[in-house]
1. Can you tell me the order of 52-62, 127-137 when each peptide is scored by its average per-residue count of other Cβ atoms within 10 angstrom, highest first?
2. Taking 7 Å along the Cα-to-C-beta vector as the label spot, tell me the Val91-Leu117 distance in nanometres, rounded to one decimal.
3. To the nearest 20 debye, what is the magnitude of the charge dipole of the stretch 45-140 about its Cα centre, counting +1 on the Cβ of each Lys and Arg and -1 on the Cβ of each Asp and Glu?
4. With each label point set 7 Å from Cα along the Cα-Cβ vector, what nm distance links Lys60 and Ser42?
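Here, each number is a calculation from the coordinates, and none is a lab measurement. Model, not experiment: these values are computed from the prediction. Note: ideal-geometry Cβ built from the backbone for every residue, glycine included; neighbour counts use all protein chains shown.
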Amino acid sequence: MISRRGVIASAVGVSAVAALSACSPEVADLTSTPEPEAPATSTPVAVAKTSDIPIGSGKKFDVEGVPILITQPRAGEFRGFSAVCTHAGFVMTNMANSEIKCDNHGAVYSADDGSVLSGPAPLALGKVTVTVEGDEVLVSF
Ligand code: FES
């Protein structure tokens, strides 16, 4: 026979296990640069005109629900990156002086290759393939 105290103790134990399971943080994979979550198609998508992307800076776009950054670190050279900061997932929009800055905790990335210039970001930005056809900037994943 189970006492009332035993039933309560069991219920508390089950609740504590469930609460601990719900609270345990996911372990981030810090060994590789995350790639942007790919949309349903890998067909290149026209996102902008070349003249829309400022030299030494860039712009943020949402391509089929995926936030990306298109940069132009030097005249005529276009790059594409995930807009999601590798530190804590903030979607970045702040680009100037050929740098991408996360306004959440201050990480700075190169607008040329997506590498981390200063932390706390642990990894470079995921890259997006950028092609230029005429005056159109296209991206594919
Ligand atoms: S989320 Fe970007 S630096 Fe923390």
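1. Result, highest mean first: 52-62, 127-137.
2. Once both label points are built, they end up 2.4 nm from each other.
3. Details: 7 positive and 11 negative charges, 44 e Å.
Approximately 220 debye in magnitude.
4. Placing both labels 7 Å along Cα→Cβ, they lie 2.8 nm apart.
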